[in-house]
Structure formats: C-alpha cells, structure tokens
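Report on the following structure.
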Amino acid sequence: MKALIASVALLLTAPARADEIVIASPAAWCPLSCQAGSAREGFAVDIAREIFTAAGHRVRLVNEPYSRAVLDVRAGVFTATASTFREEAPDFVFPTQPISRNRFCVYVPADSTWTYRGAASLSELQRVGVIDGHAYGTALDVIIRTSPQRFDVHAGDSLTERLLRRLQEGGVDAVIEEENVVAYTRQQHADLAPRNAGCEAPNYAYLGFSPRHPKAQTYARAFSDGMQKLRRTGRLKAILATYGLVEWPAWPPP
C-alpha cells in the first residue's frame, strides 16, 4: 500500500510529459528546411526548435515533398509545415509572427536578355518551371492558373536543383523560385548559373499548424511570443547568420 501511495505521489509531482512537435518540410528547401537529422536542418527548423525547446517540448523534422507535407499536416499526421504562406493553406492555424521573409524571383539562362516586368510579361515565354502546391503571390498564381499550358509543374525531391538544371539544359525558358533557396542551391552546385531576371515584392511565410491538432492555437501563440523574444535577445540574428542571412524587419511592424 505504501508503495502504491508513493507511486501516485510521484506521478502527481512529476513534470508534464513534453510534447513532440513534428515539422514536415522538403529537404531541398535549404536554407529554410534541409535534410532531417543533419547538422543544419534549416533556419526555420532551428527557430522553431529554439522557441519550443525553451517551453519544454521537442521538435523533429520529417522530410516530405511540399505538396505531400501540406496534405499530411492538414490531415493531422504531422504538427506543422515549416514555411507556408497563408494563401497556400488558409485552413491552417498561423502565428501572428512569420518565420521567414521570402521573395520569388524569375530566373533565366545566363545568356538571356529577357527581363521580368510583372506577371503579364511571362506571356512572352514559352515554358516556365514552377513547383506543385506553391503559392507565388496573387498575380503569379492567377497567370499560372489561367494559362496552365505555359507552365511546367514539378513535384518530388531536389526540386530547385532539378528546375535549375532543366533551365540550364534548355527544357524551360525560366524558373520561378524563392531567392534564398536559389542562393543556397547555387552554393551547393557551382555549375548552376542562372540569371535573376527580376523579382516580386517580398512576402512573409509562417509555421503552419495542423487545423486538426488540439494544441494548434496554443503552439501558434507560443511561437509568436518566442519569436519576439528571439528578436529582443539577438538570437534570431545569430540563427540566420549561420546560414549567411540577415535578420528581416519585424512583421507586422511594431
């Protein structure tokens, strides 16, 4: 009897079991998300881990193609996606603080003289490579949806490298991709040398929590609070610096 009472007392006084927050994201999105289990899993994963570890939780990265990751997080298989635009998954639960600032640019062969002058100028090209499931912003999304014959849509792994190689080999006239991902991919593959023909305005992406997770709202609030603390303490700047990036201005502005 004494042993039973002691066991119950121990259970009552022990700390609550830590949650495991599982983030699904492609390995090819370096420096946002990289290979799971590697020394550098990506700055979005590092930011999430810094915030949630301080709250007593574990963070684990699982690599999946982005379109699959969105489906699995929506279904509640995993907790969150690493870097998602609100319009890509409007049913997800988002923090008020973004996890990344992104800018989509149009890349062309190094010897091309074509210049990007807004979404309408893509009509001057025959084939443009894009990634399945991506939201590129209102203007680009409209032209991709209304002129599907003009776009090569790709899914799977190593997408940025594959798209840039297809561009270099002449399979497409241009590729639309996020500039941080292209810069990192070029660091890893020096033979890839596209030219940046112009960019859209910057946009902000978020850690997107599953609408089926019972703690999604709690996690979203914890992330927003934690992100503000990382800014105040300089930890955000330090994390980004390890990937050769600089801290973006606070959003929403204070």
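The values are calculated or read from the model by the stated rules, or taken from the named source; none is laboratory data. Here the structure is a predicted model, which is why all the values come from computation and not from measurement. Here Cβ is always computed from backbone atoms with ideal geometry, including for glycine, and neighbour counts include all displayed protein chains.
What is the residue count in the range 56-115 for residues that are polar (S, T, N, Q) and either surrounded by fewer than 22 Cβ atoms within 10 Å (Cβ to Cβ) or in a loop (DSSP other than H, G, I, E, B) (or both)?
Applying the first criterion (polar (S, T, N, Q)) to the range 56-115 yields 63, 67, 79, 81, 83-84, 96-97, 100, 102, 112-113, 115.
Then drop every residue that is not either surrounded by fewer than 22 Cβ atoms within 10 Å (Cβ to Cβ) or in a loop (DSSP other than H, G, I, E, B) (or both), which leaves 63, 67, 79, 96-97, 102, 112-113, 115.
Counting residues in the range 56-115 that are polar (S, T, N, Q) and either surrounded by fewer than 22 Cβ atoms within 10 Å (Cβ to Cβ) or in a loop (DSSP other than H, G, I, E, B) (or both) gives 9.
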Residue list for the range 27-55, restricted to those being in contact with a Phe, Trp or Tyr (Cβ under 8 Å, 6 or more places away or on another chain) and either in a loop (DSSP other than H, G, I, E, B) or of a type in the set (Lys, Arg) (or both) | Cys30, Pro31, Leu32, Arg40, Gly42
Six or more apart or on different chains, Cβ under 6 Å: which pairs go from a residue in the range 234-254 that's in contact (Cβ under 8 Å) with a residue 60 or more places away in the chain and assigned to a loop (DSSP other than H, G, I, E, B) to one that's aromatic (Phe, Trp, Tyr) and surrounded by fewer than 17 Cβ atoms within 10 Å (Cβ to Cβ)? Could you list them?
-> Trp251/Tyr204
Any idea which of (1) over 17 Å from the mean Cα position of the chain (by Cα); (2) part of a helix (DSSP H, G or I); (3) closer than 30 Å to His57 by Cβ is the one Gln149 doesn't satisfy?
-> (3)
Would you check if there is a residue in the range 159-172 being among the basic types (Lys, Arg), free of Cβ contacts under 8 Å to residues at least 60 places away in the same chain and in contact with a Lys or Arg (Cβ under 9 Å, 6 or more places away or on another chain)?
-> no
Lone qualifier among Glu177, Glu169 - being crowded, with 20+ Cβ neighbours inside 10 Å, within 24 Å of Ala27 (Cβ to Cβ) and not assigned by TED's automatic domain parsing to the domain that holds Thr81 = Glu177
Between residues in the range 203-218 that are without any contact (Cβ under 8 Å) to a residue 40 or more places away in the chain and closer than 12 Å to Phe78 by Cα and residues that are charged (D, E, K, R) and part of a helix (DSSP H, G or I), which pairs lie under 9 Å by C-beta distance while being six or more apart or on different chains?
-> none
Consider Phe43 against the criteria (1) closer than 23 Å to Gly226 by Cβ; (2) at pLDDT below 95; (3) among the hydrophobic types (A, V, I, L, M, F, W, C); (4) surrounded by 21 or more Cβ atoms within 10 Å (Cβ to Cβ): it satisfies all of them except one. Which criterion is unmet?
-> (2)
